[in-house]
Amino acid sequence: MTQTAAVNYHVHKPERQAFELDAGGIVGNLIAPELAPTQVAVTDVRSAGVAPRFADASVGFAAVPTEVQAFDANDDWQPAYDAEITKLLADKIGAQEVIVFDHTVRVDDSDAVRKPARNVHSDYSAEGAEQRLIDILGDDKAAEWRKGHYAFINVWRPIGAAINSAPLGFIRPDSVAAEDWILLDLIYPDRKGQIMGLAANPDHEWVYMSRMTPDEVAFFNIYDNQNRPSIAHSALDMVEDPTLQTIRKSIESRTLVRY
């Protein structure tokens, strides 16, 4: 089944573009590059009956219930959830070592601190991934990991209720041209990173899984040092059932894995 959704693509410019966080010294103030709202066709892999395979499409979906009852500001849940993620990635992608280094809870509400990301992107450029590897491991251990096969993998899960609006969508990597990618700086008050934005292309093939529940996850490749494609993704502006008023809540966990 195909749905229609709105996404915000990035726009090619002659100058280098950047997201600036806490811009002007104001906490929460964000200056973002120009975005181009675009209507896209999205295939629901649940109704299609054939979900993408991580090995082929850099994204996979799985039914993996969690024992965590609440992802709140109290960090007591993190060790148990990290162990669940480690097992998931060992089972599904063959990860031999997993470091979970970040959890972000997103709420689709105007007052939320972290809202769904509504720009088509992937979280690291090659340079950004290399710097993040060093940030997490230090120079010596990063050099050791660099000799083998490592990757950054994100794990995304709904919280509280099935997703009725702003589901997470992905673009099949084999439908993306190299020139679609745009290097973007990510400027924090104390450091700089790099991510990749994506420009619109009518060849892009969007997929998502409808009505994902808190017992389901998406796991997807952000960067791989042996050239598995990074997958572009974004929240999709669409609604499954307009009679429901459920607020979209999710947790996205970032991991560094060694194969």
ask   = Does the stretch 219-259 hold any residues that are closer than 19 Å to Asp109 by Cβ, part of a loop (DSSP other than H, G, I, E, B), touching a Pro at 6+ places or on another chain (Cβ under 9 Å) and not charged (D, E, K, R), and which are they?
value = Leu236, Met238
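Glu97: loosely packed, with under 12 Cβ neighbours inside 10 Å and either within 16 Å of Tyr223 (Cα to Cα) or in contact with a strand residue (DSSP E or B) (Cβ under 8 Å, 6 or more places away or on another chain) (or both), yes or no? Explain how you work it out, then say what you get.
Details: loosely packed, with under 12 Cβ neighbours inside 10 Å: no; either within 16 Å of Tyr223 (Cα to Cα) or in contact with a strand residue (DSSP E or B) (Cβ under 8 Å, 6 or more places away or on another chain) (or both): yes.
For Glu97, the condition - loosely packed, with under 12 Cβ neighbours inside 10 Å and either within 16 Å of Tyr223 (Cα to Cα) or in contact with a strand residue (DSSP E or B) (Cβ under 8 Å, 6 or more places away or on another chain) (or both) - is not met.
Starting from residues that are within 13 Å of the chain's Cα centre (by Cα) and of a type outside the set (Gly, Ala, Ser), keep the ones in the stretch 116-130 and report whichever is nearest to Asp72 (Cα to Cα).
The first filter runs over the stretch 116-130 and keeps only residues within 13 Å of the chain's Cα centre (by Cα), leaving 116-124.
Now narrow it down to the ones that are of a type outside the set (Gly, Ala, Ser): 116, 118-121, 123-124.
Values: Pro116: 17, Arg118: 23, Asn119: 26, Val120: 27, His121: 27, Asp123: 24, Tyr124: 27 Å.
Looking at residues that are within 13 Å of the chain's Cα centre (by Cα) and of a type outside the set (Gly, Ala, Ser), I get Pro116.
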task = Scan the stretch 109-142 for residues that are without any contact (Cβ under 8 Å) to a residue 40 or more places away in the chain and within 17 Å of Asn221 (Cα to Cα) and jot them down.
result = Glu130
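Residue check: is Asp44 of a type outside the set (S, T, N, Q), more than 30 Å from Leu183 (Cβ to Cβ) and in contact with a Phe, Trp or Tyr (Cβ under 9 Å, 6 or more places away or on another chain)? Reasoning before the result, please.
Details: of a type outside the set (S, T, N, Q): yes; more than 30 Å from Leu183 (Cβ to Cβ): yes; in contact with a Phe, Trp or Tyr (Cβ under 9 Å, 6 or more places away or on another chain): yes.
Considered against the rule, which asks whether it is of a type outside the set (S, T, N, Q), more than 30 Å from Leu183 (Cβ to Cβ) and in contact with a Phe, Trp or Tyr (Cβ under 9 Å, 6 or more places away or on another chain), Asp44 comes out as yes.
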ask   = If we scan the stretch 237-251, do we find a residue that is modelled with pLDDT of 95 or more, surrounded by 15 or more Cβ atoms within 10 Å (Cβ to Cβ), within 17 Å of Phe54 (Cα to Cα) and not β-branched (Val, Ile, Thr)?
value = no
task = Kindly provide the set of residues from the stretch 87-111 that are in contact with a helix residue (DSSP H, G or I) (Cβ under 8 Å, 6 or more places away or on another chain) and among the charged types (D, E, K, R), ordered by number.
result = Lys92
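The values are calculated or read from the model by the stated rules, or taken from the named source; none is laboratory data. Remember, predicted model here, so these are calculated numbers, not experimental data. Note that we place each Cβ from the backbone using ideal geometry, even for glycine, and neighbour counts take in every protein chain shown.
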